Amino acid sequence: MPACPVRYDPLDAATLADPYPVLTALRTRAPVTWHEPMECWLVTRYADCMRVLREHEHFARDPRRLGRRVPEASLSVQVLDPPHQATVRSLFMTALHAQDLTGLQERASQDIASRLDGLAPQPVWEVMRDLAQPIALAAIADLLGVTPPPACEWAQVSDTIMRSMDGGLNPALVEPGRLAKEHLSALVGSWFEASSRPAGLLGYVRARTADAGPELDRYVMHTARVMFQGGYSTLAAAIGNVLDTLARNPQAQRALREEPHLRATGVDELVRYDGPVQGTTRLAAADVTLGGIAVCRGDKVTVLFQAGNRDPGHFEYPDRLLLERLPNRHLGYGWGTHACLGTIVAQRILVALVDALADQPGPLRPAGPSLRRRTATMRAFDQLPVTLQP
Ligand code: HEM
């Protein structure tokens, strides 16, 4: 296989700070290319990314379709492919739409507004610790209908799991990740065992699977885990990225303040512009040609969402933040049968965030050097100091 002509290391400092130049180089010079260190094909053009995400018959999420083993604890909606995925995915989708999402958004709005009011007088505050993580935790717990664990303790567990998603690049992350997942399983298990039925989405799901048998039970429990941990970590990372983009774009903040109709399209554009989820992997289920390149059955294929999201072949002025962009069929929430189950919740929380920010008297501004988290799959901040002071 020809070597990748672009040096791409998702963990090098320059790429963590700004991945878009190297993603553009990949997309223009080698849109489907074998990456030896990651042992996979990297896919960077919008149309090719979309094809991999849509054609689940050719690109498998479930490694068992290629005769590979999947640990029991990983069997969730995220691993199953159609037709086996349908029961559990539609159960969670129906449960989500049965929730009072307007009430959820209102509670999140109040939470964000009171936190911002408390933070505004401080000369400098920390986005992830003071706002993004507590908001994301409260919103996900509210959605699922459970009491959230203590924020600090939970942030550590979730961070360890998030870092272990890069276990392919750094095997030392795998064991701590396994232990953190055990902790998460025990927590989610306790919600299922509690004698009092939880309210919210989990209550809905539990009520409808009471006699479903152990197979569905197991998928439901593991999917609840993905929703809680995945939903929390992605939402917290997205809030950080959105606030970073806005802090560095005073005109965008002004537009959101003065033209409230831009907020709904704006939150989608902010996720397209600098979304948190960088990639996802599938396995070629047959020999296929992708972007003119022969991909063999069993090869790993990694879709780089943010490369597709900045593809000028699909988006006009892809490197500009255009809050009014419509249509905006970006890949920040994935696409196809594994597209994000929590999109409507994330959109509502992000609208609540920009609403509350617009109500603040002063603009949000950077207040010191930020630090990107050294993770490849999730683009997030470790530190993001900001201020609301004039
Ligand atoms: C802005 C915040 C969010 C972003 C950008 C985001 C992004 C994504 C992306 C890109 C995927 C697809 C990954 C793939 O194809 O492998 C995904 C899947 C998923 N997301 Fe989200 N997500 C967000 C928030 C949430 C929230 C709040 C929840 C839960 C309430 C959630 C639950 C899920 C689940 C369960 C899946 C797996 C779906 C499946 O495989 O069928 N996400 N998300």
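Does the range 327-371 hold any residues that are under 26 Å from Thr44 (Cβ atoms), surrounded by 15 or more Cβ atoms within 10 Å (Cβ to Cβ) and away from the ligand (no atom under 16 Å from the Cβ), and which are they?
If the condition is that a residue be under 26 Å from Thr44 (Cβ atoms), surrounded by 15 or more Cβ atoms within 10 Å (Cβ to Cβ) and away from the ligand (no atom under 16 Å from the Cβ), then Ser370 is the only one that fits.
Residues that are under 27 Å from Arg163 (Cβ atoms), hydroxyl-bearing (Ser, Thr, Tyr) and modelled with pLDDT under 95: which helices (runs of 4 or more DSSP H) entirely in the range 1-120 hold 1 or more of them?
Ranges flagged: none.
Just one of Gly103, Gly118 is more than 18 Å from Ala358 (Cα to Cα) and either away from the ligand (no atom under 15 Å from the Cβ) or free of Cβ contacts under 8 Å to residues at least 60 places away in the same chain (or both); which is it?
The unique qualifying residue is Gly103.
Tell me whether the range 238-251 contains one or more residues that are outside any helix (DSSP H, G or I) and either free of Cβ contacts under 8 Å to residues at least 24 places away in the same chain or under 23 Å from the mean Cα position of the chain (by Cα) (or both).
yes
Out of Pro369, Pro318, Pro327, report the one residue that is free of Cβ contacts under 8 Å to residues at least 24 places away in the same chain and in contact with a Pro (Cβ under 7 Å, 6 or more places away or on another chain).
Pro318
Go through (1) outside any loop (DSSP other than H, G, I, E, B); (2) open to solvent by 50 Å² or more (accessible area, probe 1.4 Å) for Ile161 and report which single condition fails.
(2)
Being open to solvent by 20 Å² or more (accessible area, probe 1.4 Å) and part of a helix (DSSP H, G or I) is the filter; apply it to the range 135-156 and report the residue that is modelled with the lowest pLDDT.
Cys152
In this structure, does Tyr273 turn out to be within 15 Å of the ligand (Cβ to nearest atom) and modelled with pLDDT of 95 or more?
yes
Pairs needed: first member in the range 61-82, under 24 Å from Leu179 (Cβ atoms); second member anywhere, polar (S, T, N, Q) and open to solvent by 20 Å² or more (accessible area, probe 1.4 Å); C-beta distance under 9 Å; at least 6 residues apart or different chains.
Taking only residues 6 or more apart or on different chains, the pairs are Ala73/Ser185.
Name the one entry in Thr302, Thr375, Thr343 that is modelled with pLDDT under 95 and hydroxyl-bearing (Ser, Thr, Tyr).
Only one candidate passes the filter, namely Thr375.
Go over the candidates Leu179, Leu173 one by one and state the one that is surrounded by fewer than 22 Cβ atoms within 10 Å (Cβ to Cβ), in contact with an Asp or Glu (Cβ under 8 Å, 6 or more places away or on another chain) and part of a helix (DSSP H, G or I).
Of the residues listed, the single one that is surrounded by fewer than 22 Cβ atoms within 10 Å (Cβ to Cβ), in contact with an Asp or Glu (Cβ under 8 Å, 6 or more places away or on another chain) and part of a helix (DSSP H, G or I) is Leu173.
Tell me whether the range 283-299 contains one or more residues that are within 13 Å of the ligand (Cβ to nearest atom), β-branched (Val, Ile, Thr) and surrounded by fewer than 23 Cβ atoms within 10 Å (Cβ to Cβ).
There is no residue in the range 283-299 that is within 13 Å of the ligand (Cβ to nearest atom), β-branched (Val, Ile, Thr) and surrounded by fewer than 23 Cβ atoms within 10 Å (Cβ to Cβ).
The values are calculated or read from the model by the stated rules, or taken from the named source; none is laboratory data. This one's a predicted model, so the numbers in the text were calculated from it and none came from an experiment. Cβ atoms come from the backbone with ideal geometry, glycine included; neighbour counts cover every protein chain shown. Areas reflect the complete protein model, heavy atoms only, side chains present, ligands, DNA and RNA absent. Shrake-Rupley method; radii C 1.70, N 1.55, O 1.52, S 1.80 Å.
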